[in-house]
Amino acid sequence: MRFLMKFGGTSVADAQCIKRVVDILEGYHKAGDEVAVVVSAQRGVTDQLIALAEKLPTAKDCSEVPPLIAHLRERHMATLRGAAPDYVREVEEIIEKRLASLQHILFAIYNLRELTPRSKDYVISYGERLLAPVMGAALRQRGIPSTVFDGCEAGILTTSQHGEATALSRSDEIIKKKIGSLLKKEIPVVMGFMGCTENGIITTLGRSGSDYSASIIGAGIDADEIWIWTDVDGIMTSDPRVINDARVLKSVSYIEVMELSYFGAKVMHPRSIDPAMRKNILVRVKNTFNPSTPGTLIVRNGHRDSRIVKALTYIEKVASININGAQMIGRPGVAKAIFSALADREVNIMMISQGSSEANISLIVDESHLDAAVDALTPLVTDGIVREISHNRDVCAVAVVGAGMAGAAGTGGRIFTALGRAGVNVMIISQGSSEANISFVVRQQDGPRSVRVLHDEFQLSEECN
Ligand code: ADP
Ligand code: ASP
Ligand code: MG
């Protein structure tokens, strides 16, 4: 079999974790399977890099730079010493060079008092840049040949949308040549989360983007299966940190995972299913700390079970925008004006709802896009196209996901009756055209409770075949 295996931040958090990962990989390598690996940064490192990079342009001095560099050195060197003792000299040199260039760029951000999307992407790719050489050395320590590639070297070509770049289809053939050609001899290691534009400018793929890298590389090498190794037993009926009796799902469909991750289920990056789906590659989510459990299978047509609703998720950092005006009724082009104005400012609309009276359109956007959205829409009031625009940050979006909802009458009724009984006020409702998702908006404080109520209503903690 040919596998792409991706290990997330918790799975590579220290030397012991890396050795556990090498144990897993060694097993497949010895059994004659071909494996390529994608690794994330160590848990917490990307957050630390983002926090400092964002602070520097307005910081009163740059005294926080050397301590972060020292901390990263200590953490990666400790991991290296523990996981690949014979390769300390060789890899230390790489780590030192990377830390020196990271320090330079952080000082430059402070001195210029400017963090551009391009420089931010470059800085935040350092978590993966520091960890991947350690992973490669840990494999060589076990006698498994391994070459390490950054995302760009591996062939991930992307759009120039910094912070949320998308892979170009041309990547496939480059990846096949660069990575696919090595699999008979070794386990290549690719740094997740990053790629580059056709001009070689480093881009990142969005938070949790290593899942997306895994799918891009897996599609490029024509993997039989893509395995996402993480710190839970698979995709669950809800976030286990919110619902303590959430259950692992045996199998879900591509569409269900897309709906779940789009609405905030952190277990997968929202766009990560796309390349796998294009090539019809089976994806499996497994637990690095419990490798013998089967995990969750993600396939084209999910396992048909008797359950209509499979999983629930909610996303906190959103805002609602209400656009009102009787003059919108029956007037063609209003929606076009709204959506073009938002697209021009690169505002991503997560949910749309329009009443049949057409006098009101409600939108849900990522909270970080709210200011740009309001700026973009204000001229429509001045021009008399709409009467008023209001917004609300105190909201969250909840999604009820299950491919079985398509064509099944009465699910909406059950959802909103259960919420009504629990006294939850639903502000906006929307159903995706895939019918695999009914989403709604409630006050932020009602988010976790809504999920709890519906988890009970649909008996999701009970075993199902
Ligand atoms: P990794 O570092 O391996 O990529 P993440 O922290 O990004 O791991 O994602 C795994 C985490 O996602 C889990 O520890 C869990 O808390 C969270 N999570 C949220 N929703 C779900 C869900 N529906 N199923 C499983 N895990 C979920
Ligand atoms: N290191 C990146 C992040 O924290 C990518 C990933 O973990 O998948 O977002
Ligand atoms: Mg992740």
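Bear in mind that the values in this text are calculations on the coordinates, not laboratory data. Just so you know, these numbers come straight off a predicted model, no measurement behind them. All Cβ positions, even for glycine, are placed from backbone atoms using ideal geometry, and neighbour counts span all protein chains on display.
Give the shape of region 34-90 as rounded, prolate or oblate, defined through the alpha-carbon gyration tensor: a ≥ b ≥ c are the square roots of its eigenvalues, a/c under 1.5 means rounded, and otherwise the shape is prolate if a/b is larger than b/c and oblate if not. Oblate. Can you give the angle from 0 to 90° between the axis of helix 210-220 and the longest principal axis of the chain, with both taken from C-alpha atoms, to the nearest 10? With rounding to tens, the tilt is 70 degrees.
Dipole magnitude for region 1-145: about 80 debye, using +1 per Lys or Arg Cβ and -1 per Asp or Glu Cβ, origin at the Cα centre. Comparing Cα centroids, region 22-95 and region 204-224 end up 19 angstrom apart. Scoring 222-228, 144-150, 51-57 by mean Cβ neighbours within 10 Å over their residues and listing the highest first yields 222-228, 144-150, 51-57. Per residue, the convex hull spanned by the Cα atoms of the chain measures out at 156 cubic angstrom.
Report note on the peptides 204-216, 102-114, 239-251: ranked by the mean count of other C-beta atoms within 10 Å, highest first, their order is 204-216, 239-251, 102-114. Placing +1 on the Cβ of every Lys and Arg and -1 on the Cβ of every Asp and Glu, with nothing else charged, gives the chain a dipole about its Cα centre of roughly 540 debye. Electrostatic tally near G412: other residues with Cβ closer than 14 Å to its Cβ, Lys and Arg +1, Asp and Glu -1, net -1. In terms of distances greater than 29 angstrom between alpha carbons, the cross-link table entries K120/K184; K120/K178; K184/K266 yield K120/K184; K184/K266. Once a ≥ b ≥ c are taken as the square roots of the eigenvalues of the Cα gyration tensor of region 34-171, is the result rounded (a/c under 1.5), prolate (a/b larger than b/c) or oblate (a/b not larger than b/c)? Because a/c hits 1.5 or more and a/b fails to exceed b/c, region 34-171 counts as oblate. Structural descriptor for the chain: relative contact order 13 percent, calculated from alpha carbon pairs under 8 angstrom and at least 6 residues apart.
For the cross-link pairs K55/K310; K6/K310; K250/K317; K19/K250, the ones whose C-alpha atoms lie over 32 Å apart are K55/K310.
Note: relative contact order over region 295-425, using C-alpha pairs below 8 Å and six or more positions apart, is 38 percent. Packing here is the average count of other Cβ atoms within 10 Å per residue, and on that basis the peptides 293-299, 343-349, highest first, run 293-299, 343-349. Annotation: amide H-H contacts under 5 Å for K317 (H modelled 1.01 Å from N, sequence separation of 5 or more, or interchain): none.
May I ask for the net charge around G44, where only other residues with Cβ less than 14 Å from the Cβ of G44 are counted and Lys, Arg are +1 while Asp, Glu are -1? Every neighbour counted, the sum reads -2. Close amide H pairs (under 5 Å, H built 1.01 Å from N) link L282 with I226, residues at least 5 positions away or on another chain. Among beta bridges from DSSP that stay inside the chain, the antiparallel ones total about 60%. In the chain, the longest principal axis of the Cα atoms and the axis of helix 88-112 are about 40 degrees apart. Given an 8 Å cut-off on Cα distances and at least 6 residues of separation, report the relative contact order of region 94-240 as a percent. This gives 23 percent for region 94-240. Rounded to the nearest 10 degrees, the angle from helix 411-421 to the longest Cα principal axis of the chain is 80 degrees.
Treat region 198-348 as a sphere of radius equal to its Kirkwood radius over Cα pairs and apply Stokes-Einstein at 37 °C in a medium of 0.692 mPa s; give the translational diffusion coefficient in µm²/s, rounded to a whole number. Roughly 186 µm²/s, to the nearest whole number.
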